[in-house]
Amino acid sequence: MLEQDERVQKIARELIAQGVKLPYAIPRPRVPAYEPQRIPERSWPLHRILIAVSNHTGISPLRMKSTRRGRNDEGVTRARWLYFWLARTLTSFSFPHIGTLTGDTNHSTVMHAIRCIKADWPAWQDDIQTIQKTLEET
């Protein structure tokens, strides 16, 4: 599929160079709509990450995995987001797989958490580094 797009672009550029006006825009090459899997040097079991986040935040693993959502769940949300981040960066699991193991959370929720942490990295950095050190020590 990519080879065909490249050929179309090449022909379109040649025609434009000859002065031919094309009635449509040159199609861009197709890019895969997924992020390639990163396989870290050491892949941590998800239950160990869950327990480490639970010990750090004081939120029980059952509460983090529950499907219950409430107004006063700020601590639970933060704990889940920490878990999502660590599960994504320390393992090779996909967004849907991580979401399924966390109270059947939609993959887009996991992606949203990752984006929010990236956008406000200084606020999350200390917690993430502390949990990672805890995982390495055990």
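Applying 1/(1 + (r/R0)^6) with R0 = 22 Å to the Cβ-Cβ distance of residue 100 and residue 60 gives a FRET efficiency near 0.65. In this label model, residue 48 and residue 121 are separated by 2.6 nm, measuring between points 7 Å along each Cα→Cβ vector. Is the shape of region 46-137 best called rounded, prolate or oblate, per the rule: a/c under 1.5 gives rounded, else a/b larger than b/c gives prolate, else oblate, with a ≥ b ≥ c the square roots of the Cα gyration tensor eigenvalues? Rounded. Note on residue 65: lysines with a C-alpha under 26 Å away, same-chain residues under 8 apart excluded, are 118, 133. Ignoring lysines fewer than eight residues from residue 21 along the same chain, the ones with Cα atoms less than 28 angstrom from its Cα are 10.
Read-outs: derived from the displayed coordinates by stated rules, not from any lab. The model shown is predicted, which means the values in this text are computed figures rather than measured ones. Cβ sites come from the backbone with ideal geometry, for glycine too, and all protein chains shown count toward neighbours.
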